[in-house]
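Below is one structure; the comments refer to it alone.
Laboratory data are not the source of any read-out in this text; all were calculated from the coordinates shown. Keep in mind that what you see is a predicted model, and the values were worked out from it rather than measured. Every residue, glycine among them, receives a Cβ derived from its backbone with ideal geometry; neighbour counts consider all protein chains shown.
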Amino acid sequence: MHLREKFLRAKVAVSGANFAVAETGTLVVVESEGNGRMCLTLPETLISVVGIEKVVPRFADLGPLLTLLPRSSTGERMNPYTSMWTGVTPGDGPQDVHVVLVDNGRTHVLADPVGRQALRCIRCSACLNVCPVYERTGGHAYGSVYPGPIGAILNPQLRGVGSEVDASLPYASSLCGACFEACPVRIDIPEVLVDLRTKVVEAKGASAEGVGMGAMGWLFGSAGRLGLAQRAATLAGRLSRGRMPRNLPGPLSGWTNARDLPAPPPETFRDWWMRTHDADGTRRDGSDR
Ligand code: SF4
């Protein structure tokens, strides 16, 4: 009762909006219980803080969006309380309406050819409901008001990948694709996650893993180099007579902490093939294996 009394006396209300219509200046709030409508109707002044991605061009564009949102969110055919404000009406509702359009990184997201699709999100939460990672971690793990798969692609784009939590979010996924299947506006969340992982790696700069991958790329980029390396490995294996180390040294030891380093075979596959096959690929001993 005490809280309701406070609400009834409030002079100013601050609200978000699910959509804003450029054609008419209409603000749209979609909610389940009607509390938002009560709060936004009684005060004299309404301040609506709206992300710029919520702006749709025409009033008619609301039709498909208001159909999609409740069906994808709560499975309802129609949303219970959909409130729309278009300017002010003397004697009815707030008499002073201010709209604050928030960019806060959104134009930066819009400029990204892969990541921009995240701005299509209508916050239905269908991707959250099907995500096996979100199901186990809960929303707080995402460190933002945007949790779940959409949070994992939106937060690192809006805030950058500089912090520990934002750099980890693109990895908070098994890339199973359940979010993409559930999304009513077809945001390819796994595609954006993989793209963001690239950005995280690039932001980190040179690392032991990066240097290792570069060296492997150089090695695998030439059949001659690969053949030489394989022969060197088999030679080392033969000379060591079974005393090859089972653990890698230094920063590479992390890889062998849980695995044995396989001993090189006494002969490379290529050498075995050349020794046992003719130039046309048939076995010299006549067998088919
Ligand atoms: S990304 Fe798609 S499924 Fe997830 S909340 Fe946004 S619109 Fe809904």
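A few notes on this one:
- Build a GNM of the chain with springs between Cα atoms under 10 Å apart, and of LEU175, LEU261, LEU158 the one that fluctuates most is LEU261.
- Spatially proximal lysines relative to LYS6 (Cα-Cα < 17 Å; intrachain offsets below 8 disregarded): none
- Proximal aspartates and glutamates relative to LYS11, as straight alpha-carbon distance under 15 Å, when same-chain residues fewer than 8 apart are discounted: GLU44, ASP92, ASP96
- More than 18 Å apart - percent of Cα-Cα pairs taken over region 198-289: 65
- Shape parameters for region 2-102, alpha-carbon atoms, Rg then Dmax in Å: 13.9, 41
- Cβ-placed point charges (K, R +1; D, E -1), dipole of region 2-102 about Cα centre in debye, nearest 20: 180
- Beta bridges by DSSP in the chain, antiparallel share as percent, to the nearest 5: 45
- Within the chain, helix-based [θ] at 222 nm, where runs of 4 or more DSSP H residues each add -39,500 (n - 2.57), nearest 500: -12000 deg cm²/dmol
- Farthest towards the positive end of the charge dipole of the chain, among the residues LEU226, VAL14, CYS131, is the Cα of LEU226, using unit charges on the Cβ of Lys, Arg, Asp and Glu.
- Largest-first principal axis extents, alpha carbons of region 121-186, Å: 30, 23, 19
- Calculated over the chain: convex hull of Cα atoms, volume per residue (Å³): 229
- Each Lys and Arg Cβ is given +1 and each Asp and Glu Cβ -1; about its Cα centre, the chain then shows a dipole of about 1000 debye.
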